[in-house]
Amino acid sequence: MTDTYDAVVIGGGPGGYNAAIRLGQLGKRTLCVEKRGKMGGTCLNIGCIPSKALLRVSELYDETKNHYASLGINASNVAYDLPMMMAHKDKTVDGLTKGVEFLFKKNKVEHVYGMGVLAGGNRVEISGNRVEIKGSDGTTRTVEATAIVIATGSEPTPLPGVTVNEKDIVSSTGALTLDSVPKRMLVIGAGYIGLEMGSVWRRLGAQVTVVEFLDRITPGLDGEIAKNFQRILAKQGMTFKLGSKVVGVERKNGALQVAVEPAAGGARETIETDIVLSSIGRRPYTEGLGLDKVGIKLDNKGRIPVGAHYATAAPGIYAIGDVIEGPMLAHKAEDEAVAVAERIAGQAGHVNYDAIPAVVYTAPEVATVGKTEEELKAAGIAYKTGKFPFSANSRARANASTDGFVKMLADAKTDRILGVHMIGPEVGNMIAEAAFAVELGASAEDIARTSHAHPTLTEAVRQAAQAFGGWTMQM
């Protein structure tokens, strides 16, 4: 007998488990299918969470070893314990994956571990060797649902000529589990993930070289922010080769020989390193889902096309998160999860994509929301700019952490905030205020006239807004 549900969610990452939980809260009988064997998807298991654990402990080590003395704290013989750092990371992940299962139970959401495949119509076949997914034939369980949500996430994009083995040529997954600190690391790709993982191992002692195909780092970020970001990372010890491409890697004389050429063509050079991290981006994970059985065709970037409310070309089947258009961010998938669940339940869920922030969790952090200057210029939108440096912020001065600035963009006529871009201490938390302002359609004057506690780093946001009216008060 085939089990029937109101909704089946394929994928247990931030998009999938949040969709399933919200559907449960809305009274829908829901099943979440996850092939990994643990809930949480890439983000929780091998992405956002473990990387932030290592970023935090490596930053503490670097601060203690290299910066505390200038503040009057004498810490001699500072050393790291890599196995203990990894144990902290693993403990964090384990606790959070169990937390997802607890939330399922709390909200009466069923879950199974196995591969979910569209079987035509409103059916999903679940296969695997876990006992709870075995059907009457002992191998495959078939379920039916009024609504099916695809939330299978993404995977690292492979690079021709670079074969990842997760030992000495690694993806972000392998970069989280190195058993020793390499003397040299070469990072392919100057995006968020590559710079974050490169920062971890640089702080612990690796010489890090970043090779980027474009002539700038962090594609998509505001150009002025990216330029200053690169300057700060270079000052910290990272080496950048921009406008370059890796065309091959081979092992020779106990090391990796990386062949690098100019992106525009030219003479090849060889860079010797111990670890190569391939981090050129991610691609939607849709392999083996049975999309052809329900008439879903991928777009030219391998994504599932959806309408305004996440409906695919197949009736009753929806898609969210990394498998559809838009930034591959966990919180973007979470917002879409809630929206699609509410749509399935007959409510009016939606997502304001202009108000989705993005953060690079290096030190200093980079955070952004809304439009960049480049996007506004391309669209022909007249705007004005307000900026404030952390070097003039009282709390940043007291903390001896003054790199960076806040940059606010507002409509030249209406004063409505169009984008906010920051580089500096703790801006990953500070960006929430800016995202809220964009969501509400607030003006720069709204922030300029909102009291901010003193002395705090968040005053830099207010001061950037005050800059529009010419009444910034710098220290």
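Restricting to region 158-173, what's the tally of residues that are part of a loop (DSSP other than H, G, I, E, B) and more than 20 Å from the chain's Cα centre (by Cα)? Selection size over region 158-173: 8. The residues in region 256-300 that are without any contact (Cβ under 8 Å) to a residue 60 or more places away in the chain, more than 29 Å from the chain's Cα centre (by Cα) and closer than 26 Å to residue 201 by Cα can be counted, and the count is 3.
Cβ separations smaller than 9 Å between residues 6+ apart or across chains give the following pairs from region 343-372 residues that are over 16 Å from residue 308 (Cβ atoms) to residues that are in a loop (DSSP other than H, G, I, E, B) and of a type in the set (Lys, Arg): 345/28. Listed by first and then second residue, the pairs with beta-carbon distance under 7 Å, at least 6 apart or on different chains, first residue in region 448-460 and of a type in the set (Ser, Thr, Tyr), second open to solvent by less than 70 Å² (accessible area, probe 1.4 Å) and part of a loop (DSSP other than H, G, I, E, B), are 458/452. Restricting region 1-55 to residues that are polar (S, T, N, Q) and open to solvent by less than 30 Å² (accessible area, probe 1.4 Å), the residue that is nearest to residue 349 (Cα to Cα) is 30. Take residue 35 and tell me if it is within 25 Å of residue 279 (Cβ to Cβ), touching a residue at least 60 places away in the same chain (Cβ under 8 Å), among the basic types (Lys, Arg) and out of contact with any Leu (no Cβ under 6 Å at 6 or more places or on another chain). Answer is yes for this residue. Of all residues in region 339-348, none are within 26 Å of the chain's Cα centre (by Cα), among the aliphatic types (A, V, I, L, M) and either over 30 Å from residue 5 (Cα atoms) or surrounded by fewer than 18 Cβ atoms within 10 Å (Cβ to Cβ) (or both).
Look at residue 332 and say whether it is under 23 Å from the mean Cα position of the chain (by Cα) and under 20 Å from residue 12 (Cβ atoms). In short, yes.
Close Cβ contacts (under 7 Å, 6 or more residues apart or on different chains) running from residues in region 171-193 that are farther than 21 Å from residue 360 by Cβ and touching a residue at least 12 places away in the same chain (Cβ under 8 Å) to residues that are open to solvent by 20 Å² or more (accessible area, probe 1.4 Å) and not hydroxyl-bearing (Ser, Thr, Tyr) comprise 181/205; 182/274; 183/207; 183/274; 184/207; 184/274.
Exactly one residue among 93, 8 is in contact with a Leu (Cβ under 7 Å, 6 or more places away or on another chain) and closer than 23 Å to residue 310 by Cα, and that residue is 8. The residue of region 443-475 that is surrounded by the most Cβ atoms within 10 Å (Cβ to Cβ), among those that are within 30 Å of the chain's Cα centre (by Cα) and of a type in the set (Asp, Glu), is 459.
In summary, residue 391 fulfils each of the numbered conditions (1) polar (S, T, N, Q); (2) outside any helix (DSSP H, G or I); (3) closer than 15 Å to residue 464 by Cβ with the single exception of condition (2). Restricting region 119-134 to residues that are open to solvent by 70 Å² or more (accessible area, probe 1.4 Å), out of contact with any strand residue (DSSP E or B) (no Cβ under 6 Å at 6 or more places or on another chain) and not in a helix (DSSP H, G or I) leaves a set whose member that is modelled with the highest pLDDT is 129. Among the residues making up region 352-395, those that are among the small types (Gly, Ala, Ser), closer than 30 Å to residue 201 by Cα and under 26 Å from the mean Cα position of the chain (by Cα) are 358, 363, 367.
Where strands (runs of 3 or more DSSP E) fall entirely within region 174-276, those with at least 3 residues that are over 26 Å from residue 83 (Cα atoms), open to solvent by less than 50 Å² (accessible area, probe 1.4 Å) and at pLDDT 95 or above are at 244-252, 255-262. Take residue 385 and decide whether it is assigned to a strand (DSSP E or B) and over 30 Å from residue 52 (Cβ atoms). When the stated conditions are applied, residue 385 passes them. Among the residues of region 313-338, those that are open to solvent by 20 Å² or more (accessible area, probe 1.4 Å) and in a loop (DSSP other than H, G, I, E, B) comprise 313, 315, 316, 325, 326, 327, 328, 329. Checked against the criterion of being under 14 Å from residue 465 (Cα atoms), among the small types (Gly, Ala, Ser) and either free of Cβ contacts under 8 Å to residues at least 40 places away in the same chain or open to solvent by 10 Å² or more (accessible area, probe 1.4 Å) (or both), region 403-414 has at least one qualifying residue.
Can you confirm whether residue 304 is assigned to a loop (DSSP other than H, G, I, E, B), aliphatic (A, V, I, L, M) and open to solvent by less than 20 Å² (accessible area, probe 1.4 Å)? Yes: the conditions hold for residue 304.
The values are calculated or read from the model by the stated rules, or taken from the named source; none is laboratory data. Keep in mind it's a predicted model, so treat the numbers as computed, not measured. Cβ atoms come from the backbone with ideal geometry, glycine included; neighbour counts cover every protein chain shown. The area values use the complete protein model at the heavy-atom level, side chains included, leaving out ligands, DNA and RNA. Shrake-Rupley method; radii C 1.70, N 1.55, O 1.52, S 1.80 Å.
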